[in-house]
Each structure stands twice: as structure tokens, then as C-alpha cells.
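Data block below; observations after.
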Amino acid sequence: MPITHASATQFSATQANPKKASASVPSASSLFPGQGISDPRKRLSVLLPLPLDGTFDYLTPPGDDFPAGSVVRVPFGRRESVGVVWDNPQLKVGGDETPLPESRLKEIIGPCPVPPLTAVARRFIEWVATYCLAPEGNVLRMALSSAKALEEPSPHVAYELAEGSQNLDLSGKTEAGQAGMSNGIRLTPARRRVLQALQNGPARGLSDLAREAAVSTSVIKGLVDAGLIERRQVVPQAPFRAPDPDWPGPELSADQSKAAADLRQKVVNGGYSVTLLDGVTGSGKTEVYFEAVAAALSQQAQILVLLPEIALSAQWLARFAERFGSNPAVWHSDMTSKQRRLSWRAVAEGKARVVVGARSALFLPYQNLGLIVVDEEQDSSFKQEDGVTYNARDMAIVRARLGGIPTILASATPSLESLTNAAAGRYDRAVLPARYGQAQLPTIDVVDLRLFPPPRREGQKGSAAQSWLSQPLRTAIEKTLAEGEQVLLFLNRRGYAPLTLCRTCGHRLQCPNCTAWLVEHRLASKIQCHHCGYAAPIPNACPECGEAGNMAACGPGVERLSEEVANLYPEARQAVMASDTLSGPMAAAELIRAVQDHEIDLLIGTQIISKGHNFPNLTLVGVIDADLGLSGGDLRAGERTYQLLHQVAGRAGRAERPGRVMLQSYEPDHPVMRAMTSGDRDQFLAQESQARQAQAMPPFGRLAAVILSGPDPAQIDQIAVELARSAPAQEGFTLLGPAPAPLAILRGRHRRRFLLKSRRDLLPQAYLRSWLGRGKWPAQVRVQVDVDPQSFY
Ligand code: ADP
Ligand code: ZN
């Protein structure tokens with residue numbers, strides 16, 4: 001029984017199981033009784049992208065065969081599904097069930113017009129399912145992530161230059177050009193733009209072309225009538241030119257060359273390896289792993305680069321294009337369905353040579369993957385928290401091992417997991433100890449907020465008088481702005497204020513569905529739950545006592561900080577960057593460009609600005625609340641806070657001018673703050689490491705979380721108690737809980753947590769299967785398993 005998804009049980013209960021259903025398609029032998037003996041039909045196992053464990057048996061149509069990995073269409077219940085021909089006899093629905101007789105099997109409808117999934121891809125899907133305790137079908141669904149890509153691409157109408165228009169002079173430099181005439185046809189500027197667009201690119205659809213040339217569609221139709229362009233039926237192609245590995249790269253420093261040569265050699269040698277590329281911020285890690293990408297390109301292999309926050313990676317893409325003369329294929333959740341279809345097919349057909357993507361790009365149908373790079377390997381966004389809970393960094397290493405290929409984990413602040421693996425010799429290490437060129441690492445100071453509390457705002461009362469910038473930070477901001485340099489203020493809190501309360505009765509605005517305060521978003525004029533998305537207008541009167549006009553905002557978010565900045569530095573051009581203030585990747589790219597071109601003096605942002613960006617003129621980073629991540633009982637709170645602060649600090653002084661970082665803190669003696677100011681990362685991590693080792697916590701032990709949730713608290717408490725009682729006692733395993741989750745109610749569901757702790761040499765999967773696999777619980781109760789949990793809420 002699948003234990004991660006209640007829906008799986010519901011699903012199989014309501015859908016006809018093809019193994020049990022009688023075949024609606026008459027078998028060939030019943031139609032042609034004489035042919036039974038030589039009936040060339042084969043029984044094949046097919047894995048379906050549905051929340052189900054194991055495969056289903058089908059028959060091939062007479063005379064047909066489909067090799068393992070083929071993507072096919074099959075009848076399923078009363079519907080049709082796609083599926084993949086599977087070749088692992090261990091994988092069966094119900095396991096011990098005797099196979100259905102052939103006469104009751106349904107027939108495969110036909111193949112989908114895409115290349116088969118490779119054997120490595122198939123083994124990878126099984127591996128992830130087993131490790132994460134997810135139904136294989138759910139993992140397959142992540143691989144078949146564009147339904148449209150599995151269909152025959154339908155030709156569409158596109159426009160291209162008519163013969164003879166190819167060499168039209170559109171420059172306006174010659175006489176014909178100046179007259180704007182071509183064979184007596186008048187070339188208006190709009191018409192000229194269309195022709196120019198087509199001279200520089202492939203045939204395009206009407207609306208794409210009109211948008212690109214900034215003309216109305218009637219202009220294009222006019223050009224067709226004039227015979228200058230033609231309509232044609234074309235099959236859409238993804239615009240992926242192969243990146244050129246021989247395009248000249250930058251000249252590398254001695255350290256960079258050494259690391260790059262090492263990585264290139266690993267690619268040339270082939271075979272599984274993991275290299276931790278450990279280099280300070282600005283040391284040129286990207287340039288160095290680009291050399292490995294170039295080597296893999298020369299070997300005709302496909303390359304995957306996983307990035308956190310891919311939607312914000314405009315700068316990375318520009319650097320890639322500069323290095324290789326063309327764009328990579330991009331993969332993330334913000335893509336249109338058309339983009340997904342084109343990219344998926346291009347990867348499957350091996351035409352997309354380099355893919356840069358978010359975690360889900362790991363499951364694309366590579367034909368010939370030869371290198372995986374995980375940039376910012378410590379980033380928590382590589383962990384998927386719902387559906388199949390997997391860590392893309394860890395699964396990338398599994399994928400590399402199955403495929404026998406090298407992996408590079410790049411970071412300025414590697415995770416304790418990766419550092420421990422490197423120390424134990426399981427990973428190799430390449431180190432870049434200094435910033436590239438003249439750039440120096442910034443100086444880092446802590447501002448003790450106990451000594452320098454932010455001054456109250458004059459002429460204001462109550463919470464309106466509060467401020468968040470201490471005097472030392474203000475002085476530094478003023479100096480930086482006066483010198484014509486840029487400032488970044490970092491506050492990892494979206495919205496205006498994290499909490500709103502009534503000054504009359506003390507009532508706090510809480511989410512009706514979750515154990516969480518509602519966050520005021522003044523720009524959007526609403527209060528919002530950051531966990532479930534619940535939103536309501538900002539109330540003027542207290543919903544509890546009814547007193548009007550006495551609601552107070554508590555604590556700062558980026559919007560409130562922005563208000564203070566506008567008040568203190570009205571001349572400074574400021575911008576706020578948070579995931580909810582940007583309307584999408586385009587808006588993010590535009591804002592980053594504006595900062596880069598110094599159209600912004602002061603940038604305020606949450607953690608989305610902490611990574612990767614290069615702002616040469618940015619010399620001051622102020623961290624408003626450096627203690628923010630330290631509270632709460634999270635295992636990795638210290639490590640995470642250090643990584644985040646280090647990343648943010650790394651934005652300062654990346655070019656000639658030296659950078660300065662100021663951390664506002666109430667705990668200047670905290671080991672994290674000490675590590676930041678002393679710059680002694682390794683000593684800090686050694687301490688962290690010792691503490692974890694003492695408690696046998698990851699990476700020295702293993703954890704798996706089990707989260708029980710349901711609408712009725714009494715019901716889940718009872719189930720939790722029963723589960724605790726039925727847990728097997730086994731040497732090397734400790735079960736903690738049940739306890740109410742810190743987020744005790746989420747989306748109206750009450751939550752209880754168990755934490756299974758085990759020795760590092762023991763894998764928790766078998767324990768979890770034997771413990772939870774037998775359980776049966778009501779449909780509304782969900783039991784989620786999270787192996788190697790990253791979050792503990
Ligand atoms: P990291 O990823 O380690 O933070 P980057 O790869 O972003 O570092 O490099 C930091 C800056 O230095 C970038 O602007 C990059 O273009 C520049 N840089 C790094 N190495 C070189 C090099 N060998 N030649 C020219 N510029 C370089
Ligand atoms: Zn909520």
C-alpha cells in the first residue's frame with residue numbers, strides 16, 4: 001500500500017484496475033481462433049504516471065513490439081493514459097499477486113512519438129521512489145512533465161521571407177533603402193522592422209512576429225499581399241543552437257586554472273565522481289565550472305546545471321551566452337506550457353545540449369547526460385517539500401552514480417553534509433581561496449543593537465515612532481550614498497509587518513486556517529498568511545473588541561523598511577526586491593539590470609537577492625536583523641543563518657571598490673556573528689560539526705520525519721498514539737514523538753510529527769515501510785514521509 005499519498009488509495013478504489021478489469025479490446029486470438037499459437041503478441045509491463053506503486057501488464061498489438069523505455073498510450077479504466085514500458089519484474093502492483101491471464105489484459109494503443117526513456121532514467125525513477133518512499137508513478141510523472149510534448153507536434157502557420165526578400169537592403173544607407181522602396185513597394189518603418197526580424201531569425205507565428213517587430217498583425221498581412229513574405233506550415237522547433245565549447249573563455253587565474261583543469265580532466269576521463277568546488281564569493285566558481293561544461297560539450301554530452309531561484313538568473317544566462325555564444329535551454333516552474341513542450345522535446349531528442357534549471361530539471365528525459373553541476377549546493381530550495389519530497393542535490397549525485405558521470409557541487413558556503421563527505425574522501429575537493437582580480441572580501445562588523453538601538457522617529461507616537469536603522473548603519477549609508485556608491489539593505493521578511501495587534505485588547509491577527517500570524521502587505525492593502533495564501537483587507541477595527549483605529553503593526557518587513565528609508569533619504573533612488581513585489585522573471589531581470597546600471601542607489605531585499613548577483617558599484621550591505629534565522633529549534637538554524645549572511649555579505653565590494661558589511665544584532669557574541677566577523681568559516685563549521693556528532697544528528701546520523709495530518713485533531717491524536725505503539729523496536733533506530741508540529745494547523749489540517757533517528761549506516765526506508773506500510777487510516781488522514789528533512793515546521 002502506498003503510504004505517502006492517501007489519494008493513491010482513493011484512486012485505485014475508484015478506477016478500474018486494468019489487471020482486474022476484463023479487456024474491452026477483443027484479443028486477436030478470439031477474433032482469429034486459428035492464430036492462437038503463432039500469436040505474436042507480447043505481454044509488457046507499463047509504468048503509469050499516476051500515484052500508484054508498480055506497473056500494469058498490457059499486451060502489444062499483434063506484430064508490434066515496444067522496447068523498454070518506450071512511451072506508449074494505454075487504456076486505463078475508462079480513460080486513456082500515457083505510460084512507459086518498464087523492464088523491472090520486481091515492480092508489480094501488489095507484488096505477490098498472481099499475474100492476470102492474458103485473455104484479460106488490455107492492449108497498448110500505440111507509441112507516443114518521442115524517444116524512449118533511457119535505462120539510466122528508468123533506474124533513477126525507481127531509486128528516487130524507493131529512497132523517498134514515493135509511488136514510482138509519482139516520480140515518473142515528474143519525468144513526463146509536459147503532456148503536450150508527448151504528442152505529435154502539430155504544424156502551425158509561420159511567416160518567413162519570400163525568395164528575393166532575403167537580400168533586401170533595410171539599412172536605409174543606399175538609395176533604394178533611403179527611398180524606402182523595394183520593387184516599387186513602399187517600406188514603412190513598421191514593415192522594415194518585420195523584414196529585419198525575419199532576416200535575423202527563423203520563421204515565426206503571426207503573433208510572435210508582430211510582438212517582436214512591435215507592429216500590428218495587419219502590417220504582416222500587408223507584406224504577404226505585397227509578396228515580400230510568405231506563409232508556410234512548419235513544425236515548431238525549440239530555438240536551441242548548440243553552445244560552442246571553442247568560443248574563447250576568459251583567461252583564468254592560477255587557482256582557477258588548477259581547479260578548471262581538474263574538473264575538465266574528470267569530464268574527459270568520464271565515470272562517476274563528485275567534486276566540491278569550494279570557493280569564496282566572487283572567486284570565479286562559475287567561470288571555472290564553465291570550463292567543465294565546455295569539456296562535456298566537446299564530448300557531445302548533455303549538461304545539466306541546477307540553480308536555485310532560476311527565475312531570477314538573468315545575469316547567469318547572460319554570462320553563459322557570453323561564454324558559449326548561445327543560450328542554454330531553461331527549465332523552471334514559471335514557464336508557459338508551450339515553452340515546456342519545446343524544451344522537454346529538445347532535451348529528449350538530444351537537441352538541447354545544456355539545460356539550466358530548478359530542481360525539477362533533474363527529471364528531464366536526457367539522452368546522453370554527461371555532467372551535472374549543482375550551483376549553491378547548500379540551498380534549501382533544492383528540497384521539494386510537497387508531493388515527492390526529494391533533495392535535488394542528493395538525487396543529482398544518485399543520477400550521476402547511476403549514469404557514471406561527474407558532478408560538481410559549487411558553493412562559497414558548502415553544507416555540512418558535503419563538507420563531511422569531502423573530509424571523508426567520498427567527494428573530491430577543488431578550492432578557490434581568493435576573490436578574482438583586485439576585488440577583496442568585504443570587512444564585516446556587528447552593530448550591537450543593545451548599545452545602538454535605532455533612534456525613535458521624531459514627531460511620531462507609538463509604533464509609528466519605531467525605526468530599524470541604527471545610528472552606525474545610518475552613518476555608513478549616508479557616506480556610501482555621498483560617494484556615489486550603492487547600498488543593499490537585507491531583511492528576510494516580506495510585507496509591511498509580520499504581526500498586527502490591537503492596542504486595546506491585545507488581540508493578534510491570526511490566519512483562520514493555520515497556526516500563523518497574518519502579515520500586513522500595505523502596498524497590496526491586505527493581510528496575508530504566508531503559509532496558505534489566505535488574504536483579507538486590512539481591518540481598521542479590531543475583529544475581537546471592535547475598537548476602531550487602534551491596530552498596531554509590530555516589527556518590520558521590507559515595505560516598512562522602505563518607508564523608513566524614503567523618510568531618511570528622500571533623494572536616494574530605492575527599490576524593493578521580494579518574491580511578491582516582482583511580477584515575474586522579466587520584472588526581476590529588469591530590476592537587476594537597473595541596479596547593475598546604477599539606476600538604483602539603495603536596494604532593499606529578502607533572500608532572493610542574496611545569491612549570485614554581481615553589482616560592481618555596491619559597496620555597503622546592511623543586515624537589518626542578523627538574528628532572524630537563529631530562533632526556533634531547527635537543526636540547521638546556525639548553519640543556515642551563517643550561509644545566508646555570508647551570501648548576502650558576498651554582494652558587497654565585488655569590483656575595485658572595497659566592500660563593507662554591517663550586521664545589526666542583539667547577540668553579537670553568538671558563534672554565527674563571531675564567525676562572520678572573524679571570517680573563520682572552518683572553525684565555526686568544526687564546532688557545528690562537533691555538536692551534531694555529539695547528538696548523532698545529520699550528517700552523522702539519519703533523520704526521517706513522518707507528518708500526520710487531518711481535519712479532526714482528536715482523530716489524528718488517536719492515530720498518532722496507535723502508530724507510536726505499533727512502531728517496531730529496532731537496534732539503531734529511535735522514534736521521537738508524536739508531538740504537535742510547530743505549525744500545528746496548516747490549511748485547516750491539524751498536524752502531528754514523528755522524527756525517526758537512525759545511525760548513519762542504517763537506512764530508514766525499510767523501517768518506515770514495515771512500520772507504516774501495514775497501516776490503514778481514514779481517507780481524510782494523510783501520512784507524509786520526509787526522508788532527510790530540511791524543514792521541521
Ligand atoms: P562566484 O561564482 O565564485 O561568486 P563568479 O564566477 O561570479 O564568482 O565571478 C565573480 C566575478 O569575477 C564575475 O564578474 C566574473 O565575470 C569575474 N571573473 C571571475 N573569473 C574571471 C576571469 N578569469 N577573468 C575575468 N573575469 C573573471
Ligand atoms: Zn494560513
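Descriptive notes on the structure:
- The one condition in (1) surrounded by fewer than 14 Cβ atoms within 10 Å (Cβ to Cβ); (2) in contact (Cβ under 8 Å) with a residue 12 or more places away in the chain that E731 fails to fulfil: (2)
- The lone exception for N368 - which of (1) crowded, with 20+ Cβ neighbours inside 10 Å; (2) under 20 Å from V71 (Cβ atoms); (3) at pLDDT 95 or above it fails: (1)
- Among the residues of the range 525-540, those that are over 17 Å from E559 (Cβ atoms) and either within 16 Å of ligand 1 (Cβ to nearest atom) or loosely packed, with under 14 Cβ neighbours inside 10 Å (or both) comprise G533, N540.
- Here F124 fulfils each of the conditions (1) outside any helix (DSSP H, G or I); (2) touching a Lys or Arg at 6+ places or on another chain (Cβ under 7 Å); (3) surrounded by 15 or more Cβ atoms within 10 Å (Cβ to Cβ) apart from (1).
- Scope the range 500-512; condition within 16 Å of ligand 2 (Cβ to nearest atom) and not hydrophobic (A, V, I, L, M, F, W, C); matching residues: T500, R508, Q510, P512
- Residue count, the range 147-161 (criterion: in a strand (DSSP E or B) and basic (K, R)): 0
- Within the range 738-759, the set of residues being of a type in the set (D, E, K, R) and either assigned to a strand (DSSP E or B) or touching a Phe, Trp or Tyr at 6+ places or on another chain (Cβ under 6 Å) (or both) comprises R749, R751, R752, R753, K757, R759.
- If you go through the range 513-543 and keep only what is touching a residue at least 24 places away in the same chain (Cβ under 8 Å) and near ligand 2 (Cβ under 9 Å from one of its atoms), you end up with N513, C514, T515, A516, Q528, H530, H531, C532.
- L561 being away from ligand 2 (no atom under 16 Å from the Cβ), out of contact with any Lys or Arg (no Cβ under 7 Å at 6 or more places or on another chain) and at pLDDT 95 or above: yes
- G404 meets each of the listed conditions (1) more than 16 Å from ligand 1 (Cβ to nearest atom); (2) at negative phi apart from (2).
- Qualifying residue in the range 259-282 (condition: over 19 Å from N368 (Cα atoms), more than 17 Å from the chain's Cα centre (by Cα) and without any contact (Cβ under 8 Å) to a residue 40 or more places away in the chain): yes
- Qualifying residue in the range 602-616 (condition: more than 25 Å from the chain's Cα centre (by Cα), touching a residue at least 60 places away in the same chain (Cβ under 8 Å) and in a loop (DSSP other than H, G, I, E, B)): no
- Out of R323, R340, R359, sole residue that is more than 16 Å from ligand 1 (Cβ to nearest atom), on the phi < 0 side of the Ramachandran plot, buried (at least 20 other Cβ atoms within 10 Å of the Cβ) and among the charged types (D, E, K, R): R359
- Within the range 361-381, tally of residues that are more than 12 Å from L304 (Cα to Cα) and touching a Phe, Trp or Tyr at 6+ places or on another chain (Cβ under 9 Å): 1
- Of the helices (runs of 4 or more DSSP H) contained entirely in the range 621-694, those carrying at least 2 residues that are surrounded by 15 or more Cβ atoms within 10 Å (Cβ to Cβ) and either without any contact (Cβ under 8 Å) to a residue 60 or more places away in the chain or touching a strand residue (DSSP E or B) at 6+ places or on another chain (Cβ under 6 Å) (or both) fall at 637-649, 671-678.
- Residues located in the range 132-146, provided they are assigned to a helix (DSSP H, G or I) and under 20 Å from the mean Cα position of the chain (by Cα): C132, N138, V139, L140, R141, M142, A143
- Given (1) within 16 Å of ligand 1 (Cβ to nearest atom); (2) under 26 Å from the mean Cα position of the chain (by Cα), index of the condition A439 fails: (2)
- Residue count for the range 309-352 under the criterion of being among the basic types (K, R) and either modelled with pLDDT of 95 or more or closer than 19 Å to P243 by Cβ (or both): the result is 4.
- Filtered residue count, the range 36-76, keeping only those that are modelled with pLDDT of 95 or more and at positive phi: 1
- Qualifying positions in the range 478-491 - of a type outside the set (V, I, T) and buried (at least 22 other Cβ atoms within 10 Å of the Cβ): Q486, L488, L489, F490, L491
- Residue within the range 477-499 that is more than 28 Å from P455 (Cα to Cα) and either modelled with pLDDT of 95 or more or more than 16 Å from ligand 2 (Cβ to nearest atom) (or both) present: no
- Condition check for T407: part of a loop (DSSP other than H, G, I, E, B), surrounded by 21 or more Cβ atoms within 10 Å (Cβ to Cβ) and touching a helix residue (DSSP H, G or I) at 6+ places or on another chain (Cβ under 7 Å): no
- Every condition in (1) in a strand (DSSP E or B); (2) more than 16 Å from ligand 2 (Cβ to nearest atom); (3) surrounded by 17 or more Cβ atoms within 10 Å (Cβ to Cβ) is met by L591 except one, and the failing one is (1).
- You will find that of R769, R725, the residue that is over 23 Å from P135 (Cβ atoms) and assigned to a helix (DSSP H, G or I) is R725 and no other.
- Among the conditions (1) within 26 Å of the chain's Cα centre (by Cα); (2) closer than 29 Å to S463 by Cα; (3) free of Cβ contacts under 8 Å to residues at least 40 places away in the same chain, the only one that R573 does not satisfy is (1).
- Residue check for G95: at pLDDT below 95, part of a loop (DSSP other than H, G, I, E, B) and at positive phi: yes
- So S610, is it within 16 Å of ligand 1 (Cβ to nearest atom) and within 27 Å of C514 (Cβ to Cβ): yes
- Considering each residue of the range 151-163 in turn, at least one proves to be over 30 Å from R193 (Cβ atoms) and within 31 Å of the chain's Cα centre (by Cα).
- Failed condition for D597, given (1) within 16 Å of ligand 1 (Cβ to nearest atom); (2) within 27 Å of the chain's Cα centre (by Cα): (2)
- Selected residue (criterion: farthest from ligand 2 (Cβ to nearest atom)) from residues of the range 423-456 that are surrounded by 15 or more Cβ atoms within 10 Å (Cβ to Cβ) and over 28 Å from M673 (Cα atoms): D428
The values are calculated or read from the model by the stated rules, or taken from the named source; none is laboratory data. Small disclaimer: the values here were computed from a predicted structure and weren't measured. Positions of Cβ are backbone-derived with ideal geometry, glycine not excepted, and every protein chain shown enters the neighbour counts.
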